[in-house]
Structure formats: C-alpha cells, structure tokens
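> The structure under discussion is supplied below as structure tokens; questions concerning it will follow.
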Amino acid sequence: MKRLLFVFISCFILLCAPVHAEYGLYMFNDSTVQPEHPAPYMKHVSSWSRVEQEDIYLNSSHVVFHTNSGSNTFKLQADVMPVSATDKKVSFKSADETIAKVDENGKITAAGKLGDTVITVTSGKITKECKVSMRVGVKSVTLSEQALELYADKPEPITLKADIKPYNATVKDVIWYSMDNSIATVDENGTVIPCGVGETNIIAKTVDGSLTAACQVFVSVLSAPAEKAETTVSYVNYPYSIGDAVDSQMQTNPTVFTTNAYPAYRSEVEQCIDPQLYIEDGDKYQFLDLSSPNGVSEEMLNNYLHGKGVLDGMGGVFIEAARECGISEVYLAVHAALESGNGFSQLARGTNYNGTTVYNLFGIGAIDSAPLEGGSQTAYIYGWTSVEEAIRGGAAWISNNYINSGQNTLYKMRWNPEKPATHQYASDVEWAIKQARTLKNMFDAFPSADLRFEIPVYKGQNEPTIK
C-alpha cells in the first residue's frame, strides 16, 4: 500500500479544563472490551459418541478493579465449545486470593490487595486464563499549560507535563497526540514542536481510564517577510467535460474515507473533482505547483527546521536537492518533516540493514505491514547512507515518480486530468482536498515563499479567479 504524502487527522474541539470521573470496574482485551471469538459451534457425531471439549470462550480476558470505587465484583462467563460437548462443566481458581477470589459460578470478588492475579478456567483438558488487576485508579489529569503560543519560523520545543491524581495511582502513564500534526506535533514525552500556522490541541490521554486533558496551541509567524511574496496563476484546458471525467472515474471504484473506506456516489465524485468549487482559502492549495521553486532563503528554511532532529541545519541541502530535482524546496522540507516525525523517527535517525546504517526521511517503501523493514530495505537499495543522501535521493524519487512526471499538483496526483482514471495516488475522492488544507498550514510558515497555482479548466468551464 502506498503511503500518503501527508497524514490527515480529523480535528475536533476539546476544552483545556481538567477532566474528572469516578471509576468502577472495567474489563478489556487489549484494545477491545471483550475477546473476539469465532461463533459458537456444534460438532455433529453419532448419538452414542462422546464429544470432547475443544475450547472455552470467556467474556473478558482482563478485569480491573479500582480501590476508589464501590464496584468490586464481576461475573466471568465461560462457555465450553463445541456447544454439543458431552461434559460442559467448568471450574474456576484464583492464583492469589488476597487480590481476587472466585466462586464456583465464576463470580470474581476483589479482595483488597493491590496487584495482579490470574483466574484459571478449566473444562476437561482445556484451560483458559483471565487476568485480574487491583489498582488505585486515576481520577483526574491536568496539564502544566492550558495554552501555548508558538512560532513556526522560530520553532522552540516546549515540554508539557501531565499531573495525575491521586498521587498514588497505580498506572500514571499517558499517551500524547496532536489533533493536527501539520500545525504542531508532540512526542511521547510531551514535547511540542510547531510545524505550520494555525490552531490545534495537544491531548494527553491516561492509559488507566482514558481520561483526557488538552492544551490549546496557537502557531503564527514571528518575522514579517522583507519582500512581498509573488503569487502567479496559470490555467490548463482539457478537451472533455467534468461529466466525461466523472464517467471515467466511476470505473475505478472511487471511495469516501472516514474511519473506513466506502464506495463513493457519483454525486460525491462530481463534488470533489470540480476545480471551480475549490479556489478559495486552503482548498486552492491542491492546485499549488509543487515543481515550482519558492525563493525561500537557507536561513528561513533552517529556522523552520530548527529542533527537528536530523533535519536541523539541513536547509541548504533541501534547497540544493529541490533545485536539482525540480521540486518546491518548501514542499520537500515540510514533506520530510511530516514523514520523519520531525526528524526523530527511527528511519530518520538511521537503521541497520545488512550491516549498513541507512536513512529514510520520506517513508519511501515503508509499507503499512512492515514500515521499518520496507523503509530500511528501500534506503539500502538506493544507497541512502547519510541524512544528506536520504534528502537528495528522496527528492529524486518523488520527482521521478510524481512531481515531474506530469502530476505536479495534489489535484493531478489524485485525478490525473491528462489521463483520467490512470496512475492516481489515492482512491479517496477527498484526498486532494484534505492534503491541501494541511499543505496550506505548512506553507503559511513561509510568508515570503513565492507561490504558483495551476488550475485545470474542463470543457464548458470558464477560467476561475483564484481567491
């Protein structure tokens, strides 16, 4: 599966106030509430044959009790399979009754001692286990800052701290994430780095209980450009109508992607493919010519890359690589920042492949099923044995495969109006629109960048005025 050039994260508004909740018992199996089992089944044999037990289905694989809650019992349901088993009797046994006890019917009762134990369920020769934990539960989480004001052209990382209550909670770990990585990112330690211009939220979510707290992050630019940036617009006419293009696209099984991909209706394709509907604000960035230089100085690019891991100080290399390969230097830098986790990903910092340290800043070859292996192998094949070589080599790959192969805009990557329904980067009909808004956030960090837009005009349409 090809990797997207940019990661899009659907944003929603969260309050910065601390979140409080009372906890009771809860159960989980990894990320789900109940274990996933095959459907209950019968085993057909002759009436005089004995049917042996083959499996036991439990309604939970991990039960958690909290000392600060009144809930202290849970019924563990155990179903012997096949349903037609001759003997379906089960027995339950706790490995540590000072933590949790269990009766003959599977009723688990918290005994008060903190820690973990195991309930063993047995039927014939078959056994299954359910983990039971007794914890001091998390009741609230707050952050050291409720709001941050940062600058994309002078990025200074700031580390947030999460305060967990009560102080003696058993599990105090939190998961950090940003609601929009194109504006600001956050690492596993709570360190926030500005990326583009705009507003987003940095979220801390407790591992125990999934409580959340948020910090609003406002990112702007500190320095006004010395010279006014130049914006130019050109138009490319195509000899067929929007309807003709949609006819072709409907043959490729286009999708609408939310949390999953669904077949797109013709009306949805018509809505997303028409350039006339997307000539304002961030939407128009799907027509930005990514093969056109932006005239950004090395100093400005290095300001943007400051604090971004292995990318720090590489502004001159990005400018040279962009010039050699005919790519926007700003696009190349922001693409690398996004794909490499701001220069801190394992592929960016170097991996060992066949005894050689290699680097991959653009996620090229990092397929979803094996990103580290695939990305390392690709870097090894192309000889990217330094950060600089990874920048230059990645730029050449992007240029050869898309930017300078006739698909120099996000719109062309998605819809390929020169040859509709062929060599298209994604099936999601909203892909170019989503990526355009991300691209705008990033480009806004470079107010002096020259921009060139290339607008498709289909048969029967007039040249629109870009806004």
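The values are calculated or read from the model by the stated rules, or taken from the named source; none is laboratory data. From a predicted model like this one, the values you see are computed outputs, not experimental measurements. Virtual Cβ from ideal backbone geometry, glycine too; neighbours counted across all protein chains shown. Surface areas here come from the heavy atoms of the whole protein model, side chains and all, with no ligands, DNA or RNA. Shrake-Rupley method; radii C 1.70, N 1.55, O 1.52, S 1.80 Å.
> Per the 1.4 Å probe, what fraction of the accessible area of the chain, in percent, lies on carbon and sulfur atoms?
About 50 percent, which is the carbon plus sulfur part of the accessible surface.
> Right, another one. Just the accessible area for C272, please: 1.4 Å probe, Å², rounded to the nearest 10?
About 10 Å², rounded to the nearest 10.
> Can you give me the accessible area per residue for the chain, using a 1.4 Å probe, in Å²?
Per-residue value: 47 Å².
> Also, quick follow-up: Sticking with the crude label model, points 7 Å out along Cα→Cβ, report the distance from Y240 to D274 in nm, one decimal please.
Each label point is offset 7 Å from its Cα along the Cβ direction, giving 1.9 nm.
> Got the relative contact order for the chain handy, in percent, Cα pairs under 8 Å and 6 or more residues apart?
16
> Here's a follow-up. If you find the alpha carbon centre of the stretch 254-316 and of the stretch 414-467, how far apart are they in angstrom?
Here the two parts' Cα centres lie 8 Å apart.
> Diagonalise the Cα gyration tensor of the stretch 245-377 and give the resulting equivalent ellipsoid semi-axes, square root of 5 times each eigenvalue, largest first, whole Å.
One finds semi-axes of 33, 23, 12 Å for the stretch 245-377.
> Compute the long axis of helix 329-339 from its Cα atoms, compare it with the longest principal axis of the Cα atoms of the chain, and write down the angle in degrees, 0 to 90, nearest 10.
0
> What is the angle, in °, between the Cα long axis of helix 387-398 and the longest principal axis of the Cα atoms in the chain? Nearest 10 is fine, range 0 to 90.
Helix 387-398 and the main axis of the chain meet at about 80 degrees.
> To the nearest 10 Å², what's V174's accessible area with a 1.4 Å probe?
40
> Fully extended, how many nm does the chain gain between H423 and K107 (0.36 nm per residue separation, minus their Cα-Cα distance)?
Full extension from H423 to K107 adds 107.9 nm.
> Another question about this same structure. What FRET efficiency, computed as 1/(1 + (r/R0)^6) with R0 = 41 Å and r the Cβ-Cβ distance, is obtained for T122 and E188, rounded to the nearest 0.05?
The calculated FRET efficiency here is 0.50.
> How much FRET efficiency would the formula 1/(1 + (r/R0)^6) give for I381 and D79, where r is the Cβ-Cβ distance and R0 is 60 Å, rounded to 0.05?
Efficiency at R0 = 60 Å is approximately 0.70.
> With θ set to phi - 60° and the Karplus curve 6.51 cos²θ - 1.76 cosθ + 1.60, what are the ³J(HN,Hα) couplings of the stretch 280-294 in order, to the nearest whole Hz, using x for Gly and Pro?
10, 6, x, 4, 5, 5, 6, 9, 5, 6, 7, 9, 9, x, 9
> In nm, give the distance between the simple-model label positions of T356 and L114, each being 7 Å from the Cα along the Cα-to-Cβ direction.
Result: 5.2 nm between the two label points.
> What is the Cα radius of gyration of the stretch 78-196 over 2.2 N^0.38 Å, N being its residue count?
Cα-based Rg divided by the globular estimate yields 1.74.
> Another one. Does the stretch 389-467 classify as rounded, prolate or oblate by the C-alpha gyration tensor (a ≥ b ≥ c root eigenvalues; a/c under 1.5 gives rounded; else a/b over b/c gives prolate, otherwise oblate)?
oblate
> Sort the following peptides by mean Cβ neighbour count (other Cβ atoms within 10 Å, averaged over residues), highest first: 441-448, 175-182.
Order by mean packing, descending: 441-448, 175-182.
> Going from most exposed to least, what order do S84, S399 have by accessible area with a 1.4 Å probe?
My answer, sorted largest first, is S84, S399.
> Around R414, what is the net charge, scoring Lys/Arg as +1 and Asp/Glu as -1 over all other residues with Cβ under 11 Å from its Cβ?
0
> Ordering V207, V102 from largest to smallest accessible area (1.4 angstrom probe), what's the sequence?
V207, V102
> Per 0.36 nm of contour for each residue apart, how much would the distance between D247 and Y167 grow if the chain were fully extended, relative to their Cα-Cα spacing?
Computed gain between D247 and Y167 is 22.6 nm.
> Report the extension gain between K459 and E299 in nm, rounded to one decimal, defined as 0.36 nm multiplied by the number of residues separating them, less their alpha carbon distance.
53.2 nm
> Do you know the relative contact order of the stretch 130-202, to the nearest whole percent, from alpha carbon pairs under 8 angstrom that are 6+ apart?
The value is 32 percent.
> If you don't mind, another one. Under 19 Å between alpha carbons, and skipping anything fewer than 8 positions from K43 in its own chain: which lysines qualify?
Correct list for K43: K88, K89, K125.
> Across the chain, how large is the tail of the calculated P(r) beyond 30 Å, expressed as a percent of all Cα pairs?
59
> Which of rounded, prolate or oblate describes the stretch 145-248 when judged by the alpha-carbon gyration tensor and an a/c cut-off of 1.5?
Oblate, because a/c is 1.5 or more while a/b does not exceed b/c.
> Could you order R437, R323 so the one with the most accessible surface comes first? Probe is 1.4 Å.
The most accessible residue leads, giving R323, R437.
> Give me the accessible area of T73, 1.4 Å probe, in Å² rounded to the nearest 10.
60
> In the stretch 45-117, what chymotrypsin sites (Phe, Trp or Tyr not before Pro) fall in a loop by DSSP, with at most 13 other Cβ atoms inside 10 Å?
In loop regions of the stretch 45-117 (DSSP not H, G, I, E or B), the sparsely surrounded chymotrypsin sites (Phe, Trp or Tyr not before Pro) are W48.
> Please tell me the relative contact order of the stretch 318-467 in percent, rounded to the nearest whole number, where contacts are Cα pairs under 8 Å and at least six residues apart.
16
> So for the chain: antiparallel DSSP bridges make up what percent, rounded to the nearest 5?
Counting DSSP beta bridges with both partners in the chain, the antiparallel share is about 75 percent.
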